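Let me begin by presenting the structure, written as structure tokens, before commenting on it.
The values are calculated or read from the model by the stated rules, or taken from the named source; none is laboratory data. Computed from a prediction, not measured in an experiment: that's the story for all the values here. Here the Cβ positions follow ideal geometry from the backbone for every residue, glycine too, while neighbour counts run over all protein chains shown. Calculation scope for accessible area: heavy atoms of the full protein, side chains included, ligands and nucleic acids excluded. Shrake-Rupley method; radii C 1.70, N 1.55, O 1.52, S 1.80 Å.
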Amino acid sequence: MTKTILRALAGETLPTPPIWMMRQAGRYLPEYRATRAQAGDFLSLCYNSELAAEVTLQPIRRYGFDAAILFADILLLPQALGADLWFVTGEGPRLSTITDADGLARLKPIDEIDAVLNPIYETVRILSRELPKETTLIGFAGAPWTVATYMIAGKGTKDQGPAHALREENPEVFDALITTLTKATIEYLSKQIEAGAEVVKIFDSWAGSLKGEAFVKYALEPAREITQALKARHPGIPVIAFPREAGDGYIGFAKATGADCVALDNSVSAEWAAANVQVDGCVQGNLASSHMVTGGQDLVDETRRICKALSNGPHIFNLGHGITPDADPDNVQRMIDTVREG
Ligand code: CP3
């Protein structure tokens, strides 16, 4: 096994951590903006397999990252289940909402999602042919809770209030939505793996707003179900879980779910993660994405600090959240040089 990302995910401590970056194909890159303009808009880009593969490859060509992440979005799955989805420039996603049993009943059967998602599998197939042999291809989906927060509110929310309200006021409908999303996510990721994804990542961006029992029931448990089902169907497939802002919930998350790696946001310190999370296996992430905007010596110092703190166990270097459109592409190169210079 030569790919460094797969070695780290298998638990190997490498002298230099492999690197990739959340949202590495994105608006901070002029070549991404040009291809998006060619496609028309963001969603048309996601469903245009050739162009989606092209933007996935752009940061690999420019920087030589060790992994490429499929270019798509976590909200394509609700769209495939029948939700209307559109993006408002400068504001973010909008969806038709699900707030009751009728809304739930209107969702399409899970065996119909591929009619919408086939172009995504085609993007994966193109990438598995075209990526350099040392580059690992990562597929992904949103975690059921995070996807549900968008389906219930119809947009991104600061505190996920509408989803919490439905969870408390109508647990039957809420639980049924989580179950549907869990099953659909297993099918979606399974197809990505069949098409050539070598690793899958489950993005639970809003896991941090679930506390106590609710965290276990709606963040940990679906991640466990998805991970176990994928590993039963595709023995050995590595899974990265990202229960963002889980805090103490990061402790034991990999063990409890069966995930091979836990992705860390930047609200926990690398030293804390080394002592409490990396003891169970590979960790990824942690550099604040703001450093990609501000750069300078702070970027170098913080990059070195994270590498050092996590140097005694398996580690994949990454940001704590996606790179933002105002980031300077030169700062990305500086981060990579700092990691690779050791
Ligand atoms: O990481 C990657 O490069 C892979 C592709 C990817 C995108 N979105 C592309 C994208 C991945 C893995 C995602 C995940 C995603 N999408 C999450 C979970 C991770 C996170 O960021 O917390 C969420 C919550 C979404 C939903 C979503 N998509 C939002 C809220 C937005 C708007 C906010 C924003 O950053 O503009 C998007 C749009 C989106 N998804 C863009 C990209 C490159 C920007 C679209 C554009 O080009 O205009």
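Return the only residue of Asp102, Asp66, Asp73 being among the charged types (D, E, K, R), more than 10 Å from the ligand (Cβ to nearest atom) and closer than 21 Å to Gln192 by Cβ. Walk me through it before giving the result.
Numbers: Asp102 fails: closer than 21 Å to Gln192 by Cβ; Asp73 fails: more than 10 Å from the ligand (Cβ to nearest atom).
Exactly one of Asp102, Asp66, Asp73 is among the charged types (D, E, K, R), more than 10 Å from the ligand (Cβ to nearest atom) and closer than 21 Å to Gln192 by Cβ, namely Asp66.
Kindly establish whether Pro17 is in a helix (DSSP H, G or I) and not basic (Lys, Arg).
Values: in a helix (DSSP H, G or I): no; not basic (Lys, Arg): yes.
Taking the combined requirement at face value, the residue does not satisfy it.
Among the residues of the stretch 267-279, those identified as out of contact with any Phe, Trp or Tyr (no Cβ under 8 Å at 6 or more places or on another chain) and buried (at least 20 other Cβ atoms within 10 Å of the Cβ) are Ala270, Gln278. If you go through the stretch 179-202 and keep only what is touching a strand residue (DSSP E or B) at 6+ places or on another chain (Cβ under 8 Å) and among the charged types (D, E, K, R), you end up with Glu198, Lys201.
Select, from Arg33, Arg62, the only residue that is free of Cβ contacts under 8 Å to residues at least 12 places away in the same chain and outside any loop (DSSP other than H, G, I, E, B). Give the derivation first.
Details: Arg62 fails: free of Cβ contacts under 8 Å to residues at least 12 places away in the same chain.
Sole residue among the options that is free of Cβ contacts under 8 Å to residues at least 12 places away in the same chain and outside any loop (DSSP other than H, G, I, E, B): Arg33.
Residue-level analysis places Asp159 among those that are surrounded by fewer than 15 Cβ atoms within 10 Å (Cβ to Cβ) and either touching a helix residue (DSSP H, G or I) at 6+ places or on another chain (Cβ under 7 Å) or of a type in the set (S, T, N, Q) (or both).
Under 7 Å between Cβ atoms, which residue pairs at least 6 apart in sequence (or on different chains) link something in the stretch 189-206 that is closer than 9 Å to Ile237 by Cα and in the same structural domain as Gly156 (by TED's automatic domain parsing) with a partner that is in a strand (DSSP E or B) and open to solvent by 10 Å² or more (accessible area, probe 1.4 Å)? As it stands, the answer is Val200/Phe140, since those pairs meet every condition given.
Conditions (1) open to solvent by 20 Å² or more (accessible area, probe 1.4 Å); (2) in a helix (DSSP H, G or I); (3) touching a Leu at 6+ places or on another chain (Cβ under 6 Å), marked per residue:
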| site | (1), (2), (3) |
| --- | --- |
| Val55 | no, yes, no |
| Ala83 | no, no, yes |
| Pro93 | yes, no, yes |
| Arg125 | yes, yes, no |
| Ile138 | no, no, no |
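Taking (1) within 10 Å of the ligand (Cβ to nearest atom); (2) open to solvent by less than 20 Å² (accessible area, probe 1.4 Å) in turn, Thr89 satisfies each apart from (2).
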